[in-house]
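Novice: Right, I'll just put the structure down here and ask away after.
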Amino acid sequence: MNKTKNTDHTGIVIQSTGSWYIVRNPQGELISCRIKGKFKIAGIKSTNPIAVGDKVSFVRMKDEDTAVIDTIEPRHNYIIRKSINLSKQTHIIAANIDHAFLVITISQPRTSLGFIDRFLLTTEAYHIPVVLVFNKTDLNTPEEQEIQERWIEKYRQIAYQSIQTSALTGQGLEELKTLMKSGTNMFSGHSGVGKSALINTLQPGLKIKTAHISSFNLKGRHTTTFAQMHPLDFGGYIIDTPGIKEFGLVDFKKEDVSGYFPEMRALLNQCKYNNCLHVNEPKCAVKQAVLDGKIAESRYNNYLAIINDENYNKKPF
Ligand SMILES: Nc1nc2c(ncn2[C@@H]2O[C@H](COP(=O)(O)OP(=O)(O)OP(=O)(O)O)[C@@H](O)[C@H]2O)c(=O)[nH]1
Ligand SMILES: [Mg+2]
Ligand SMILES: [Zn+2]
């Protein structure tokens, strides 16, 4: 039998571990695939040429259960992080994401507004709808709950949706489920915020490994080490990703960054100079809005940090 004549030769990469990829075809069959020789994608200097979420086609090997990936469809989008050791290289966490969920915890571990705003910049640039998931609400002290509600209000004002959840008590999980649509949903956030724990409650039977955060420094232990995509009974997929410390931003130009802050974007044509960076130019509508309390100071300060951060102004690949 010539297996190369099978028509089921396309699918989505649901897992990648080193040199092997698991591809799920439209019939739900899982195929172990390799890539042939050096498979480089033009223009991307990445440690992994193919990522979870990539749509690929493959050729089955005769008399073997394995296959070789030979083409990859162009990506609609992707989320990258900088590689830990090779500063100029990037690692693609996941590709072709339809809905992103940023899992946030106020204190165990602590998520910063700077981290949230960098994530929102990336999803905004790719037009990926995003929901902020404040997890471990059961652990919040009254003060932490107050901070959480203040943050939720801050983002609500710029039209970002938030929900409050607890994988432990079940709070908010039904709501979270209704927000997960068909297509590819991705959970992202620091290590230890409960991404895998939430996914386990949403899709019983998965039994993804989770681990306590360190009691020493309240940081996660990087329990999930590679992205993995799981089909959901109620439709679509969920990608569980490893916790990240920092996002690698795609190749933004300094002058484009404010266009990815929706509350600034709305004012850009009111600045005196059309190339205004909103730093110290006169008659700047963005700075005025910060003074008037219409733009949150934290958002403006994070904007400044991004445009002043050397690393974010260089092309990462
Ligand atoms: N109290 C409480 N604990 C939670 C909640 N969600 C998760 N946890 C616990 O937090 C710890 C970390 O959860 P994980 O699901 O492993 O975290 P993760 O975000 O997947 O972490 P990485 O895989 O390292 O990126 C585990 O001990 C979970 O049981 C929650 O809502 N409340
Ligand atoms: Mg995990
Ligand atoms: Zn301006």
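Novice: Out of all the residues in segment 172-180, is one or more over 22 Å from residue 229 (Cα atoms) and at pLDDT 95 or above?
Specialist: Here is the first cut: in segment 172-180, the residues over 22 Å from residue 229 (Cα atoms) are 172.
Narrowing the set further to residues that are at pLDDT 95 or above leaves 172.
Within segment 172-180, one or more residues are over 22 Å from residue 229 (Cα atoms) and at pLDDT 95 or above.
Novice: Scan 237, 273 and give me the residue that is of a type in the set (Phe, Trp, Tyr) and buried (at least 18 other Cβ atoms within 10 Å of the Cβ).
Specialist: 237
Novice: Next question, about the same structure. Can you confirm whether segment 210-226 contains a residue that is in a strand (DSSP E or B) and small (Gly, Ala, Ser)? Steps first, answer last, please.
Specialist: Start the filter on segment 210-226 by keeping residues that are in a strand (DSSP E or B), which leaves none.
For segment 210-226, residues in a strand (DSSP E or B) and small (Gly, Ala, Ser): absent.
Novice: Any idea which of (1) farther than 24 Å from residue 122 by Cα; (2) touching a residue at least 24 places away in the same chain (Cβ under 8 Å) is the one residue 204 doesn't satisfy?
Specialist: (2)
Novice: Which one is nearest to ligand 2 (Cβ to nearest atom) among residues in segment 151-204 that are of a type in the set (Phe, Trp, Tyr) and within 20 Å of residue 243 (Cβ to Cβ)?
Specialist: 187
Novice: Pull up segment 211-228, narrow it to residues that are surrounded by 11 or more Cβ atoms within 10 Å (Cβ to Cβ) and out of contact with any Lys or Arg (no Cβ under 8 Å at 6 or more places or on another chain), then point me to the one that is nearest to residue 18 (Cα to Cα). Break it down into steps so the answer makes sense when it comes.
Specialist: Step one: list which residues in segment 211-228 are surrounded by 11 or more Cβ atoms within 10 Å (Cβ to Cβ), which gives 211, 213-214, 218-224, 226-228.
Filter once more, keeping what is out of contact with any Lys or Arg (no Cβ under 8 Å at 6 or more places or on another chain): 219-222, 226-228.
Values: 219: 26, 220: 23, 221: 21, 222: 17, 226: 10, 227: 12, 228: 13 Å.
So, considering only residues that are surrounded by 11 or more Cβ atoms within 10 Å (Cβ to Cβ) and out of contact with any Lys or Arg (no Cβ under 8 Å at 6 or more places or on another chain), the one nearest to residue 18 (Cα to Cα) is 226.
Novice: Here's something else I'd like to know. Restrict the check to segment 278-291 and report whether at least one residue is at pLDDT below 95 and either more than 16 Å from ligand 2 (Cβ to nearest atom) or surrounded by 12 or more Cβ atoms within 10 Å (Cβ to Cβ) (or both).
Specialist: Initial filter on segment 278-291 (at pLDDT below 95): 280.
Of the ones still in play, those that are also either more than 16 Å from ligand 2 (Cβ to nearest atom) or surrounded by 12 or more Cβ atoms within 10 Å (Cβ to Cβ) (or both) are 280.
Within segment 278-291, one or more residues are at pLDDT below 95 and either more than 16 Å from ligand 2 (Cβ to nearest atom) or surrounded by 12 or more Cβ atoms within 10 Å (Cβ to Cβ) (or both).
Novice: Also, I was wondering about something else. Kindly list the number of the only condition in (1) within 21 Å of residue 119 (Cβ to Cβ); (2) more than 13 Å from ligand 2 (Cβ to nearest atom); (3) touching a Phe, Trp or Tyr at 6+ places or on another chain (Cβ under 6 Å) that fails for residue 237.
Specialist: Every condition holds for residue 237 apart from (3).
Novice: Restricted to segment 207-234, and to residues that are closer than 21 Å to residue 119 by Cβ and touching a residue at least 60 places away in the same chain (Cβ under 8 Å), which residue is nearest to the chain's Cα centre (by Cα)?
Specialist: 227
Novice: Then there is this: Of the conditions (1) more than 16 Å from ligand 1 (Cβ to nearest atom); (2) free of Cβ contacts under 8 Å to residues at least 60 places away in the same chain, residue 299 fails just one. Which one is it?
Specialist: If we test residue 299 against (1) more than 16 Å from ligand 1 (Cβ to nearest atom); (2) free of Cβ contacts under 8 Å to residues at least 60 places away in the same chain, just (2) comes out false.
Novice: Does residue 191 meet the test of being hydroxyl-bearing (Ser, Thr, Tyr), in contact with a helix residue (DSSP H, G or I) (Cβ under 8 Å, 6 or more places away or on another chain) and not in a helix (DSSP H, G or I)?
Specialist: Details: hydroxyl-bearing (Ser, Thr, Tyr): yes; in contact with a helix residue (DSSP H, G or I) (Cβ under 8 Å, 6 or more places away or on another chain): no; not in a helix (DSSP H, G or I): yes.
So residue 191 does not fit the description; no.
The values are calculated or read from the model by the stated rules, or taken from the named source; none is laboratory data. These numbers were taken from a predicted model, which means no experiment stands behind them. Glycine gets a Cβ as well: all are built from the backbone with ideal geometry, and neighbour counts include every protein chain shown.
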